[in-house]
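What follows is calculated from the coordinates using simple rules that are stated; it is not laboratory data. Source: prediction; values computed, not measured. Please note: Cβ atoms are built from the backbone with ideal geometry, for glycine as well, and neighbour counts cover all protein chains shown.
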Amino acid sequence: MQDLLRFSELPDYAFPRLRALLKNIKAPVSEVPMHIGEPTHSFPTFINEKIIENSLGFNSYPPNDGTPGLLSSISHWISKRFKIPRLDFEKNIISLNGTREGLFNATIALSPTSKNGKNPAILIPNPFYQCYMVAAKAVGAEPIFVPATIENGFLPDFSRLPKTILERTTICYICSPSNPQGAIASKTYWKNLLSLAETYDFKILADECYSEIYKDKKPNGAIESLYELNMDSERLIIFNSLSKRSNLPGLRSGFAASGEKTIAELKKLKAYSGSPSPSPLQFAAEAAWRDEIHVVDNRRQYNEKLNMANKIFKRISDYQPPEAGFFLWLKVNNGEIAATELWKKFGVKVLPGAYLSNYNHKTFGRTNPGENYIRVALVRPMHELEFGLKAISQYLN
């Protein structure tokens, strides 16, 4: 019997799975891609200027952990956005080549090989960003999928897990605003999770990449509750990026912020395995983190799109608009069937919810919370979105 490779049993990533699902289905001539959350709004014009101005930096190896200017601008943004004291940018922040790099590597750097003499458990909201699961598998830990459903406001209740699992938990991933449901964790939620982490001695990896896209309520940050509880900063690592905030997914600029010891561990690993962003791009990112004008306009455009969606779906009985982010999480009978029919009849491409989720841990019943949903991204131009949303509404009716 041939030995299995470490990741040989992983399913294909969500988008290759979707391509395989729709491969032999002929769609109408017009096609509307609403399956992927790739921002299409214009990024600020000063980005090009900063890259050209600093283009000689392409001739040198970039700073692995971030330029002082970039780290300082991130520290300033965190302090202003979440109303906390300025973090020491040399000790408490690391620049990332996109947050996926950091969310994956943090588990490698921070999860011990065993806890209390047992195999580590890593808690994951379900549905989830797929790199959480692969990070758990990369370190030989057991991923524990905890449902985030309409019954719990689309935010997982980790406290319901058995004590035997919590006692061997090393890492807890949580995304707020959540992808794909757009739910915002309240200050009470953060405080309860931080207290649970303190009781059972695990770290929280807070993925807050959608924090600047919201309608009415500015999302609470995990770090705000950490400071209010006067808790050890090593307990929490926050992640954010310019991809959604500034429409710059191709710039690959993100960060992680935490206590000095935690950031030192991330820097140590990145020195061996990280891929730093080129210096000219770091100078551009520095400028982007310091500017809020383009962020306000970006949010306005997304709110216009969400308002249109709300009007189109107002007669759909179980439609629930997101609190934040740019995804709709729509209830259907079966996500794969819905994606297939929408593609075949209208040329509208959406993502089956099951491609973003797994079967819950047995504590919660072995069901897949994404199976009867589709994820719809509100990123395309208004005329494309209007066509796509009306087609989906027609299908749901």
Check: If the chain between Leu21 and Lys83 were fully stretched, how many nm would it gain, using 0.36 nm times the residue separation less the Cα-Cα distance?
Finding: 17.7 nm
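Sorting check: for 238-245, 329-336, 297-304, which peptide has the highest mean count of neighbouring beta carbons within 10 Å, and how do the rest follow? Present the calculation step by step, with values, prior to reporting the outcome.
Values: 238-245: 24.5, 329-336: 19.6, 297-304: 16.1.
In decreasing order of mean packing, 238-245, 329-336, 297-304 become 238-245, 329-336, 297-304.
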Margin query: Taking the Cα centroid of segment 162-183 and of segment 193-209, what is the distance between the two, rounded to the nearest whole Å?
Written below: 8
Check: Which far-off residues, 5 or more places away or on another chain, put their amide H under 5 Å from the one on Thr169, with H placed in the peptide plane?
Finding: Ala121
Next item on the list: Using a cut-off of under 17 Å, list every residue of segment 364-386 whose amide N is near the label point 7 Å from the Cα of Asn333 along the Cα-to-beta-carbon line.
Entry: 371-374
Next item on the list: When a/c is below 1.5 the answer is rounded, else prolate if a/b is larger than b/c, else oblate, so apply that to segment 93-154 with a ≥ b ≥ c taken from the square roots of the Cα gyration tensor eigenvalues.
Entry: oblate
Margin query: How many angstrom lie between the Cα centre of segment 97-155 and the Cα centre of segment 289-314?
Written below: 31
Checklist line | Cα gyration tensor shape for segment 273-397, rounded if a/c is under 1.5, else prolate or oblate | finding: oblate
Item checked: Rounded Å value of the spacing that divides the Cα centres of segment 10-41 and segment 343-397 -> 11
Check: Where in segment 111-145 does the label zone of Glu9 land, with the point 7 angstrom along Cα→C-beta and an amide N cut-off under 15 Å?
Finding: 134, 136-145
Check: What fraction of the DSSP beta bridges in segment 46-291 is antiparallel, stated in percent and rounded to the nearest 5?
Finding: 35
Checklist line | Of Arg81, Arg160, Arg375, the one that fluctuates the most in a GNM where the chain has Cα springs shorter than 10 Å | finding: Arg160
Next item on the list: Report the extension gain between Leu56 and Lys344 in nm, rounded to one decimal, defined as 0.36 nm multiplied by the number of residues separating them, less their alpha carbon distance.
Entry: 98.7 nm
Next item on the list: Let me have the relative contact order for the chain, percent, based on Cα pairs under 8 Å that are six or more residues apart.
Entry: 26
Next item on the list: Determine, for each peptide in 206-212, 285-291, the mean count of other beta carbons within 10 angstrom over its residues, then list the peptides with the highest first.
Entry: 206-212, 285-291
Note to self: With the cut-off at 1.5 for a/c, could you classify segment 34-98 from its C-alpha gyration tensor as rounded, prolate or oblate?
What the structure shows: oblate
Next item on the list: Using per-residue counts of other Cβ atoms within 10 Å, averaged over each peptide, order 123-130, 11-18 from highest down.
Entry: 123-130, 11-18
Next item on the list: Determine the calculated [θ] at 222 nm for the chain from helices alone, applying -39500 (n - 2.57) to every DSSP H run no shorter than 4 residues and normalising by the residue count; nearest 500 deg cm²/dmol.
Entry: -12000 deg cm²/dmol
Item checked: Neighbour net charge for Ser211 - beta-carbon separation under 15 angstrom, K R +1, D E -1 -> +3
Check: Where does each of Tyr355, Tyr189 land when they are ranked from fewest to most other beta-carbon atoms within 10 angstrom?
Finding: Tyr189, Tyr355
